[in-house]
Amino acid sequence: MKLKQAMTGIAALACMTAAHAQSAGSFYVTTGWLHLAPQSSSQPLKETNVGGSPVNATLPNTGATLDSADTLGFTAGYFVTDHIATEFVMGVPPKFNLDGAASYSQYGVLGQAKQWSPTLLFKYYFNAPEARFRPFLGVGVSRIWFTDEHITNSTFQAQVLHGPTTVSTDSSWEPVFNAGFNFNIDQHWFASISLSYLPLSTTAKLNTAAQTPVGTLNVQSQTKIRLNPIVSYASIGYRF
């Protein structure tokens with residue numbers, strides 16, 4: 001009788017575990033640490049308009065790069081099947097420093113901007129839904145835009161740009177490639193680590209009220225910056 005009760009209890013536990021595994025119909029949320037490491041470079045700064053007249057003047061040996069940044073990340077996902085899940089990823093917009101490169105490196109940090117990159121992923125999970133260790137591969141798309149772009153280095157603004165300058169950047173849709181694994185702690189809680197890569201570039205456009213001997217001239221210039229960030233995400237998650 002006791003053996004029968006024990007077997008019944010084990011079967012019930014197995015059913016309960018399966019019911020809360022990463023299987024079809026499961027919802028989950030995570031939160032954790034996002035680290036964005038741009039593999040950045042840029043084209044030389046190019047003046048496109050001076051005083052209302054179009055120009056095409058490239059300034060040689062100029063450029064900029066972006067520092068890495070950290071922020072708090074969140075995801076929400078749903079298992080469509082036992083192995084396929086959709087996931088929405090969002091982070092508190094990180095603030096990036098724009099550093100001078102080539103001849104601009106002497107000025108250090110030139111400016112700052114915040115990046116927004118909500119992402120939709122489609123992920124394939126390996127191993128059984130009840131497995132403790134589940135690696136995955138993912139692919140998706142991210143909408144990228146920047147806010148609060150501004151020059152913070154007054155010396156650079158005065159000596160190089162020659163006047164007050166505003167900055168704007170392009171927005172774009174970019175592909176995302178993702179890989180990682182989940183480690184199931186119990187029926188509900190799990191830990192996750194992943195890496196993502198985004199082949200991302202943006203064009204920074206500068207508009208300067210340049211102070212010249214003949215008066216103030218409006219100068220428009222731009223540079224294409226390749227970010228190509230590698231994004232790492234270490235998180236803790238809860239499965240419903």
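What to note about this one:
- Taken over segment 220-230, the criterion of being among the aliphatic types (A, V, I, L, M) and touching a Gly at 6+ places or on another chain (Cβ under 9 Å) is satisfied by Ile225 alone.
- Taking (1) more than 20 Å from Thr86 (Cβ to Cβ); (2) among the aliphatic types (A, V, I, L, M); (3) free of Cβ contacts under 8 Å to residues at least 40 places away in the same chain in turn, Leu195 satisfies each apart from (1).
- The set of residues in segment 198-219 being of a type in the set (A, V, I, L, M, F, W, C) and either in contact (Cβ under 8 Å) with a residue 60 or more places away in the chain or over 30 Å from Phe126 (Cβ atoms) (or both) consists of Leu198, Ala204, Leu206, Ala209, Ala210, Val214, Leu217, Val219.
- Residue in segment 138-153 that is over 22 Å from Asn228 (Cα atoms) and surrounded by fewer than 12 Cβ atoms within 10 Å (Cβ to Cβ) present: no
- Restricting attention to segment 167-184, the residues being modelled with pLDDT of 95 or more and under 29 Å from Leu217 (Cβ atoms) number 0.
- Check on Phe88, under 20 Å from the mean Cα position of the chain (by Cα) and modelled with pLDDT of 95 or more: yes
- Unmet requirement for Trp173, which otherwise passes all of (1) within 28 Å of Asn97 (Cα to Cα); (2) among the hydrophobic types (A, V, I, L, M, F, W, C); (3) surrounded by 13 or more Cβ atoms within 10 Å (Cβ to Cβ): (3)
- Extreme residue, farthest from Ala128 (Cα to Cα), among residues of segment 72-94 that are surrounded by fewer than 19 Cβ atoms within 10 Å (Cβ to Cβ) and of a type in the set (Val, Ile, Thr): Val92
- Residue among Gln39, Gln5 that is of a type outside the set (A, V, I, L, M, F, W, C) and modelled with pLDDT of 90 or more: Gln39
Residue by residue, here is whether (1) hydrophobic (A, V, I, L, M, F, W, C); (2) touching a helix residue (DSSP H, G or I) at 6+ places or on another chain (Cβ under 9 Å); (3) within 22 Å of His35 (Cβ to Cβ) holds:
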| position | (1), (2), (3) |
| --- | --- |
| Gly52 | no, no, no |
| Asn56 | no, no, no |
| Val89 | yes, no, yes |
| Ala102 | yes, no, no |
| Lys114 | no, no, yes |
| Ser117 | no, no, yes |
| Tyr125 | no, no, no |
| Phe146 | yes, no, yes |
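- Taken over segment 203-240, the criterion of being hydroxyl-bearing (Ser, Thr, Tyr) and buried (at least 20 other Cβ atoms within 10 Å of the Cβ) is satisfied by Thr208, Ser221, Tyr233, Ser235.
- Segment 176-195: number of residues that are closer than 15 Å to Gly32 by Cα and crowded, with 19+ Cβ neighbours inside 10 Å: 5
The values are calculated or read from the model by the stated rules, or taken from the named source; none is laboratory data. Quick caveat, the model's predicted, so the values are computed rather than measured. Heads up, the Cβs are rebuilt from the backbone with ideal geometry, glycines too, and the neighbour counts pull from every protein chain shown.
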